[in-house]
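Only one structure is covered here, and it is reproduced in the block below.
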Amino acid sequence: MQELLTLLQNSKYCVILTGAGISTLSGIPDFRGKDGIYNKFDADLIFSIDYFNEDPSYFYTHSRELIYDLEMKEPNIIHKALAELERRGIVKAVITQNIDMLHQRAGSENVIEVHGSPVRHTCLACGKKYSFEDVVGILEKEEVPMCNECGGLIKPDVVFYGEMLEHDVIEKAIEESSKADLIIVLGSSLVVQPAASLPLYTLDNGGELVIVNNMATPLDDYATGKYNDLVEVFSYLDEVMGLNISEHI
């Protein structure tokens, strides 16, 4: 892992791309891992906009451990390390496929959420906005949250399958990836587009790619370094860089 440390120390513009694998340490299941969501139920249906409109109870029932009990989850060593590396000016941006808001809770400021965020919810009928806390309160009493103004269905501001990504958000992610001389992929299998292609913008502009993931990815052959164990990598970085996060392991 000395090579990773050298790459980090020599980088002028390091960007991080994170996937669901980093949040398993916080007790949030990933999608394709051995204990992932796909082994329990059909995650494609959970985040299908067509199925959401047909039967929103399926989403709200099966997403509780993913989203609506996040007050019980805490940022882990990876979230905290990335926030510290940003504070030191080493990491310039965190691009995340996650919708758990843990990067912000750990202290990261330049976070690009390519799949949206449940921090806000919207009534699909009248457009009224609801906070995450509002909807958690409703779900304590109701199976599906409905608008108190018009009775319409409330949906998180998360990009579902069948919906377009926010143009400004993905453009910002492409811009950051293109500027990066080093992009580090953490806990992503790099199969969900277009986020999975973001490292190619770094590579096309002469930057380097490092992947830390416990499963193979389509870009492994393009990586300068490939590591399997997130905890091992960040324990090492904590030790040699003095990130002061070891107590969170």
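The values are calculated or read from the model by the stated rules, or taken from the named source; none is laboratory data. Keep in mind that what you see is a predicted model, and the values were worked out from it rather than measured. Neighbour counts are summed over all protein chains in view; Cβ atoms, including those assigned to glycine, are modelled from backbone coordinates with ideal geometry. Accessible surface areas use protein heavy atoms only, side chains included; no ligands, DNA or RNA. Shrake-Rupley method; radii C 1.70, N 1.55, O 1.52, S 1.80 Å.
Per-structure values
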item	result
Solitary cysteines of the chain, where the nearest other Cys Cβ is not under 4.7 Å	Cys14
Zone residues, region 157-198, relative to Asp221, backbone N less than 20 Å from point 7 Å out along Cα-to-Cβ	185, 189-193, 196-198
Over 19 Å between alpha carbons, listed pairs Lys92/Lys179; Lys129/Lys155; Lys73/Lys141; Lys179/Lys226	Lys73/Lys141; Lys179/Lys226
Proximal charge balance of Cys123 [Cβ under 12 Å; K/R count +1, D/E count -1]	+1
Per residue value of the accessible surface for the chain (all protein chains in place, 1.4 Å probe), Å²	46
Helical mean residue ellipticity (222 nm; -39500 (n - 2.57) per DSSP H run of 4+; nearest 500) of the chain	-9000 deg cm²/dmol
Percent carbon-and-sulfur accessible area, the chain, ignoring ligands, DNA and RNA, probe 1.4 Å	48
